[in-house]
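Below is one structure, written out as structure tokens, with a few remarks after it.
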Amino acid sequence: MTSTLESGDVRAGRLSSAEYAENFSDLHPPLDHHEALVEADRCYFCYDAPCMNACPTSIDIPLFIRQIQAGNPVGAAKTIFEQNILGGMCARVCPTETLCEEACVRETAEGKPVKIGELQRHATDTYMARELPHPFKRAASTGRTVAVVGAGPAGLSCAHRLAMHGHDVVILEARQKPGGLNEYGIAAYKATNDFAQREVEWLMQIGGIELRLGQRLGSDFEVEDLVNQYDAVFIGVGLPSAYALDLPGSDLPGVESAIDFIARLRQAEDKSTLPVGQDVVVVGGGMTAVDAAVQSKLLGARTVSLVYRRGREQMPASRYEQDLAAAHGVHLVFNAKPARINGANAVESITFEYTASEGGKLTGTGETFEISADQVLAAIGQWMEADTGELELDGTTLARTDGNLSLSPYGRKVWVGGDCAHGGEDLTVTAVEDGKIAAESIHATLAG
Amino acid sequence: MADLSTNFLGIKSPNPFWLASAPPTDKAYNVERAYEAGWGGVVWKTLGEAGPPVVNVNGPRYGAIWGPDRRLLGLNNIELITDRDLETNLREMTEVKKRWPDRALIASIMVPCEEKSWRDILPRVEDTGADGIELNFGCPHGMSERGMGSAVGQVPEYIQMVTEWCKEFGKLPVIVKLTPNITDIRYPARAANKGGADAVSLINTISSIVSVDLDNFSPNPSIDGRGSHGGYCGPAVKPIALNMVAEIARDPETRGLPISGIGGVSTWRDAAEFIALGCGTVQVCTAAMTYGFKIVQEMIDGLENYMDEKGYETIEDFRGMAVPNVTDWQYLNLNYITKAKIDQDLCIKCGRCHIACEDTSHQAITSMVDGVRHFEVMDDECVGCNLCVNVCPVENCISMVPMATGETDPRTGKTVEADYANWTMHPNNPMAREAAE
Ligand SMILES: Cc1cc2nc3c(=O)[nH]c(=O)nc-3n(C[C@H](O)[C@H](O)[C@H](O)COP(=O)(O)OP(=O)(O)OC[C@H]3O[C@@H](n4cnc5c(N)ncnc54)[C@H](O)[C@@H]3O)c2cc1C
Ligand SMILES: Cc1cc2nc3c(=O)[nH]c(=O)nc-3n(C[C@H](O)[C@H](O)[C@H](O)COP(=O)(O)O)c2cc1C
Ligand code: SF4
Ligand code: SF4
Ligand code: SF4
């Protein structure tokens, strides 16, 4: 086949089915039994372990690794789930290079941390594969009811902890599937085999949680309703809406938000049905940008450029993520911001202006360049779209105080957490921790 | 360049590394491969009486314990002496010795504790051209139940008697291989010496149950659901072997008796330690069984390199140098005071030193200083025990620094004295008090 370099070349089926299968398989194949034992032996069982302190959910890492080493992966998994009920997903998606593994003393010693994430996956996968009974028992019912809005990591973690304490939980989720970004956002090669849904089903085994899908806060119900109907409310709606590029030409066909592109990709059973450009440009510098760029490449795009407006050091995606993109052939461009999108009936190219930073303020240098593109994916941030009524905001996200309690006229009734709450790190693991903290605070309040 | 050649009881070998009597030396095929790889000598797998040979179990013979990454640390076996007939062994020994005249070949023997048995076998062994014999008084399983092996090795009178027979009816140098399965190794060594032994070799394996199968509740190795004790060897037994060698080396009755050191030798360093405690050769089994014969190359090269660095030309230049320094506890200098010191540049902040000292010793290591994770020894609490040094995963990160004379030990408030003073002179010692009164 001769490759045609025409603009507007956004199409599906660029690869063979074997190539699709290969490209969207596990990024890191799971450790086998032998590999897990070799790796577990590397852990020093540190005192007041730095890795554990670096884990947002404070998993007892030395303990669970020692359990693996001693031939008790089931016990290891329980140690993990005690602190992080989504330990299976976190093992797959945590940027460990900036969390536990960055703090590992073997990183200091040899530049080669213990592979904590992969060991965590080994333990949690082993537990789930053995189809053992759910590791936690629900306490006797308290008769108290809690509404959880959003079935993402924050909501799920909160619901599970509350159910464990014996409260009756109703999850209200706008989408048709639970999981939040685990289901719609995380890169496909990080959560293969429908893991997000399997994990939710597994989590629900605790009992006492009712999941209501297609229920949107702001249209189907209001915060006020929940406050009236339930003893407590948790809001974990994430940041569902993407900021759009606001440039000349940004309404041309071929321009879309990276999270919509990814959500479509995640939901497509057959990746060969997914259209992708011949030349793709991603604008942004976070995990979403990297994932959109890498997955465009995996779908068969010929060139993918990722353009970030600041320097490499400021890029929110970790060095590991940047290298991952580079290894997949993504062209990284720094210090440039989009100026306009060009094209007659569809995107043909995008013009960037170089930037300079003066005293932290970013300015255009006036110098421009053009990259030809038939698809432009914007990954420049998301915002919380939901109508959260009287809940106090801090900037564009929900304000919170101790125990993730929301500031509102309702008193100790509403808690918030995850991406929609102020000052978060926008990670799966921090969302899980937020949900857990809120649940404990709600429990203490209800028991109070 | 150091010369590793050894002359042990007149038996010459190009280096002190011999293979111990065990599977690696069971037949011509293995022994010739060992010689090709560079081993200085072998002690042929123990021979039994003429007639139908012993039989081994047909299930598993070994069990083990492992360190990190499944590094084999201790091996346990329930194998017996050779299960091939005597004629075959003797024929092969003759052929091998002819082809390899410069290597040591020792015949290990275990026959019943009767004069006739020994009278019969000794001339036949001599006919092979073997350089010496080793009496296996050590095997702790299978043979001891038949009144041989460690059953003999545990009774000093028998050792002496059999040694005397071998000296009387045979012409070859006699090495008596001792069992460690005894409370005080000096007694069998003295008995061998009295019987006229030219040397002792030690240790044979230690009676052991290496593990229990928690599914079928059988000791391992499990033979159809049951197990028996076996003999333990490998790196884990080296400390026991070194102590026993030292006991014999410094015992007034056996001082100077040649020793072939055995037990856990895996590297040149292990060998050098045995030599420093007086051994003229070392014997190796488990290390060869773990890694194959090639490991001798590292042993030879490492020993040469050590000797070159130290300026020792022959093994005799440093053999036995550690013996005078082995003493009893009561003669250790109580005025020698050390403090642990952590090299902050090497420290990787794992905290193991802290928790070891905090939970199980003397609460002498910080974990946090001014709100920062920091491990430092508090001299006013440190008793100088060395535990932290041993648990630290980084070599040379913690060292024990002796205090200088005249300094004040912040723990006791006492001045460090120059004089040597031991427990026999200490005021808290009731015996010392009595003597003073
Ligand atoms: C493309 C992409 C890749 C990422 N990769 C990683 C990664 O590799 N590692 C990592 O740690 N983090 C990653 N993240 C971040 C991570 O996914 C989020 O931080 C995390 O999912 C936040 O959890 P949450 O529960 O707060 O929100 P979400 O996961 O967004 O879940 C919110 C839920 O609320 C629902 N909802 C929204 N509005 C309403 C409403 N009005 N009414 C009812 N329900 C509503 C949504 O449908 C959703 O189910 C990635 C994010 C993106 C976008
Ligand atoms: C499988 C096996 C069989 C052995 N058989 C004999 C033997 O027949 N005669 C003997 O004197 N020692 C025998 N030994 C003991 C070894 O010669 C040696 O003394 C002991 O293993 C300690 O050395 P090492 O730690 O280097 O293995 C045997 C050891 C093993 C592992
Ligand atoms: S820091 Fe590394 S070595 Fe220490 S406990 Fe954690 S994983 Fe193990
Ligand atoms: S030498 Fe002993 S007492 Fe001193 S710091 Fe180390 S462990 Fe503690
Ligand atoms: S054990 Fe060693 S490396 Fe670990 S904290 Fe102590 S001194 Fe540092």
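The values are calculated or read from the model by the stated rules, or taken from the named source; none is laboratory data. Being a predicted model, the structure only gives us computed values, none of them experimental. So basically every Cβ, Gly included, is an ideal-geometry build from the backbone, and we count neighbours across all protein chains shown. When the accessible area is computed, the model is the full protein with side chains, heavy atoms only, and any ligands, DNA or RNA have been set aside. Shrake-Rupley method; radii C 1.70, N 1.55, O 1.52, S 1.80 Å.
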Just give me the residues in region A:44-81 being over 13 Å from A:Gln120 (Cα atoms) and not polar (S, T, N, Q), in sequence order. A:Tyr44, A:Phe45, A:Cys46, A:Tyr47, A:Asp48, A:Ala49, A:Pro50, A:Ala54, A:Pro56, A:Ala70, A:Gly71
Check region A:324-345 and report whether any residue there is within 15 Å of A:Gly254 (Cβ to Cβ), of a type in the set (A, V, I, L, M, F, W, C) and at pLDDT below 95. yes
Pair list, Cβ < 6 Å and 6+ apart or interchain, from region B:376-387 residues that are open to solvent by 70 Å² or more (accessible area, probe 1.4 Å) to residues that are outside any strand (DSSP E or B) and more than 6 Å from ligand 4 (Cβ to nearest atom): B:Glu376/B:Thr366; B:Asp380/B:Pro410; B:Asp380/B:Arg411; B:Glu381/B:Gln363
Where a residue in region A:390-419 is on the phi < 0 side of the Ramachandran plot and its partner, wherever it lies, is part of a loop (DSSP other than H, G, I, E, B) and basic (Lys, Arg), with Cβ under 8 Å and at least six apart: A:Leu405/A:Arg412
Going through A:Arg312, A:Arg319, A:Arg340 one at a time, which residue ends up being under 15 Å from A:Val376 (Cα atoms), open to solvent by 60 Å² or more (accessible area, probe 1.4 Å) and assigned by TED's automatic domain parsing to the domain that holds A:Asp374? A:Arg340
Give, as residue ranges, the helices (runs of 4 or more DSSP H) completely inside region B:223-303 that count at least 1 residues that are of a type in the set (Lys, Arg) and over 21 Å from B:Gly74 (Cβ atoms). B:238-250
From the list A:Glu390, A:Glu370, A:Glu385, A:Glu353, which one is in contact with a Pro (Cβ under 9 Å, 6 or more places away or on another chain) and either within 17 Å of A:Val333 (Cβ to Cβ) or at pLDDT 95 or above (or both)? A:Glu353
Does at least one position in region B:416-423 carry a residue that is open to solvent by less than 50 Å² (accessible area, probe 1.4 Å), farther than 16 Å from B:Asn335 by Cα and at pLDDT 95 or above? no
Looking only at region A:157-179, count every residue that is assigned to a helix (DSSP H, G or I), under 20 Å from the mean Cα position of the chain (by Cα) and hydrophobic (A, V, I, L, M, F, W, C) and tell me the total. 2
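A quick yes/no check of all residues on (1) in a strand (DSSP E or B); (2) touching a His at 6+ places or on another chain (Cβ under 7 Å); (3) surrounded by fewer than 20 Cβ atoms within 10 Å (Cβ to Cβ):
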residue: A:Gly364; (1), (2), (3): yes, no, yes
residue: A:Glu367; (1), (2), (3): yes, no, yes
residue: A:Ile371; (1), (2), (3): yes, no, yes
residue: A:Ala378; (1), (2), (3): yes, no, no
residue: A:Gly389; (1), (2), (3): no, no, yes
residue: A:Gly403; (1), (2), (3): no, no, yes
residue: A:Gly411; (1), (2), (3): no, no, yes
residue: A:Asp419; (1), (2), (3): no, no, no
residue: A:Glu425; (1), (2), (3): no, no, yes
Kindly evaluate A:Val290 against the criterion of being part of a strand (DSSP E or B) and touching a strand residue (DSSP E or B) at 6+ places or on another chain (Cβ under 9 Å). no
Could you tell me which residue of region A:96-112 is nearest to the other protein chains (Cβ to nearest Cβ), considering only residues that are surrounded by fewer than 23 Cβ atoms within 10 Å (Cβ to Cβ) and of a type in the set (Ser, Thr, Tyr)? A:Thr108
State yes or no: is B:Asn396 part of a loop (DSSP other than H, G, I, E, B), surrounded by fewer than 15 Cβ atoms within 10 Å (Cβ to Cβ) and either among the basic types (Lys, Arg) or within 14 Å of chain A (Cβ to nearest Cβ) (or both)? yes
Residue count for region A:59-70, restricted to those that are in a loop (DSSP other than H, G, I, E, B) and open to solvent by 30 Å² or more (accessible area, probe 1.4 Å): 2
If you go through region B:303-353 one residue at a time, how many are more than 14 Å from chain A (Cβ to nearest Cβ), at positive phi and open to solvent by 30 Å² or more (accessible area, probe 1.4 Å)? 1
Being among the β-branched types (Val, Ile, Thr) and assigned to a helix (DSSP H, G or I) is the filter; apply it to region B:304-329 and report the residue that is farthest from B:Asp26 (Cα to Cα). B:Val323
Strands (runs of 3 or more DSSP E) lying entirely in region B:1-80 (those with 1 or more residues that are over 23 Å from B:Leu178 (Cα atoms) and modelled with pLDDT of 95 or more): B:62-66, B:72-77
Per-region count, region B:283-325, residues hydroxyl-bearing (Ser, Thr, Tyr) and in contact with a Cys (Cβ under 9 Å, 6 or more places away or on another chain): 1
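Within region A:71-78, can one find any residue that is within 14 Å of chain B (Cβ to nearest Cβ), out of contact with any Lys or Arg (no Cβ under 8 Å at 6 or more places or on another chain) and open to solvent by less than 50 Å² (accessible area, probe 1.4 Å)?
Filtering region A:71-78 down to residues within 14 Å of chain B (Cβ to nearest Cβ) leaves A:71-72.
Subset that is out of contact with any Lys or Arg (no Cβ under 8 Å at 6 or more places or on another chain): A:71-72.
Cutting the leftovers down to open to solvent by less than 50 Å² (accessible area, probe 1.4 Å) gives us none.
No, region A:71-78 has no match at all.
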Would you check which residues across region B:58-83 are touching a Leu at 6+ places or on another chain (Cβ under 9 Å) and open to solvent by 20 Å² or more (accessible area, probe 1.4 Å) and list them? B:Tyr62, B:Ile65, B:Trp66, B:Asp69, B:Arg70
Can you run down the residue pairs with Cβ atoms below 8 Å, 6 or more apart or on separate chains, where the first is in region B:139-151 and of a type in the set (Asp, Glu) and the partner is modelled with pLDDT of 75 or more? B:Glu145/B:Ala151
Which listed residue, of A:Glu35, A:Glu19, A:Glu82, is within 12 Å of another protein chain (Cβ to nearest Cβ), open to solvent by 60 Å² or more (accessible area, probe 1.4 Å) and part of a helix (DSSP H, G or I): A:Glu35
Cβ-Cβ under 7 Å pairs, at least 6 apart or on other chains, region B:397-410 side over 14 Å from B:Cys385 (Cα atoms), far side in a strand (DSSP E or B) and open to solvent by 70 Å² or more (accessible area, probe 1.4 Å): B:Gly406/B:Thr415; B:Thr408/B:Thr415
Being open to solvent by 50 Å² or more (accessible area, probe 1.4 Å) and away from chain A (no Cβ under 14 Å) is the filter here, so list the residues in region B:354-375 that pass it. B:His362, B:Asp370
